[in-house]
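Here's the structure, in structure tokens; my notes come after.
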Amino acid sequence: MQLLQIIEKHGRQPEDLISILLDYQACKTDNYISEDDVKMLARQLNLTESRIYSVLTFYTLLSTKPRGKYVVQVCNDVPCYVKGSVNVLKILEKTLGIQEGETTADGVFTLEFTSCLGCCDKAPAMRIGGQLYGNLDEGKIGEIIAKYRGQ
Ligand code: FES
């Protein structure tokens, strides 16, 4: 879906900005909002570029850097840290063959640490796209990643 179609779908009010950014990012193969995108959005929505960047840099689902098709975000806030988020990250690094902050060579996965995902009762947790996964262990992580590799 093109940017103009997405804007028409959501509207041109300032409160529509997050939905527009999320939808537009999701339809891009490199999964991020570029500098050129920000300029275009500012023109189309009659907003300042700094207003758009303030939203882009606040929401962890949005990015200003190219990322893989699937962004694997491991929660590293206290409840998840206590329940082993560092170990979850190590398992993911081994499974995907990349370090935190990197993207796989095939452009499929990006691995990131993030703040609380809102499911602390299921710590340790991670999010891939908009999907949350909790109570993670090595077996469960392997199954989840295999499912995404198969898509
Ligand atoms: S601390 Fe990890 S989900 Fe809340």
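What follows draws every value from the coordinates through simple rules; no lab data is involved. Computed from a predicted model, the values in this text were never measured in an experiment. Positions of Cβ are generated from backbone atoms using ideal geometry, with glycine treated the same way; all protein chains shown enter the neighbour counts.
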Could you tell me which of Gly68, Ile20, Gln131 has its Cα farthest along the dipole of the chain towards the positive end, charges placed at Cβ (Lys, Arg +1; Asp, Glu -1), taken about the Cα centre?
Gln131
Using amide H atoms built in the peptide plane, which far-off residues or other-chain residues are under 5 Å from Val71 H to H?
Thr110, Gly129
Percent breakdown of C-alpha pair distances by 5 Å bin, ordered from the shortest bin, for segment 3-58
4, 21, 37, 28, 10, 1
Using Cβ contacts closer than 10 Å as the measure, can you line up Tyr148, Tyr59, Tyr24 from fewest to most?
Tyr59, Tyr148, Tyr24
With no other cysteine's Cβ closer than 4.7 Å, which Cys residues of the chain count as lacking a disulfide-compatible partner?
Cys27, Cys116, Cys119, Cys120
Could you pull the Cα extents of segment 1-98 along its three principal axes, largest to smallest, in whole Å?
45, 26, 22
Expressed in nm to one decimal, what extension gain is obtained for the pair Arg51 and Val78 from 0.36 nm per residue of sequence separation less their Cα-Cα distance?
6.7 nm
So who's got an amide H within less than 5 Å of the one on Phe113, skipping anything under 5 residues away but keeping other chains? H placed 1.01 Å off N, in plane.
Val74, Gly101
FRET E, pair Cys27, Lys65, Förster distance 30 Å, beta-carbon r, rounded to 0.05:
0.95
By counting other Cβ atoms within 10 Å of each Cβ, how are Cys27, Cys116, Cys75 ranked from fewest to most?
Cys27, Cys116, Cys75
Excluding residues fewer than 8 places away in the same chain, name every one of the lysines whose C-alpha is closer than 17 Å to that of Lys69.
Lys28, Lys147
Using the Cα centre of the chain as origin and beta-carbon charges of +1 (Lys, Arg) and -1 (Asp, Glu), tell me which of Val38, Ser85, Gly142 is placed farthest towards the positive end of the dipole.
Gly142
Under the Karplus curve 6.51 cos²θ - 1.76 cosθ + 1.60, θ = phi - 60°, whole-Hz ³J(HN,Hα) for segment 120-130, x wherever Gly or Pro sits
4, 5, 10, 4, x, 10, 8, 10, 10, x, x
Final fewest-first order of Ser85, Ser50, Ser19 on the 10 Å Cβ neighbour count is Ser50, Ser19, Ser85
If contacts are Cα pairs under 8 angstrom and at least 6 residues apart, what is the relative contact order of the chain in percent?
19
Which whole-number percent is the relative contact order of segment 3-58 (Cα, under 8 Å, 6+ apart)?
30
I need the GluC sites (Glu not before Pro) found in segment 5-72, filtered to DSSP loop residues with at most 16 other beta carbons within 10 Å of theirs.
none
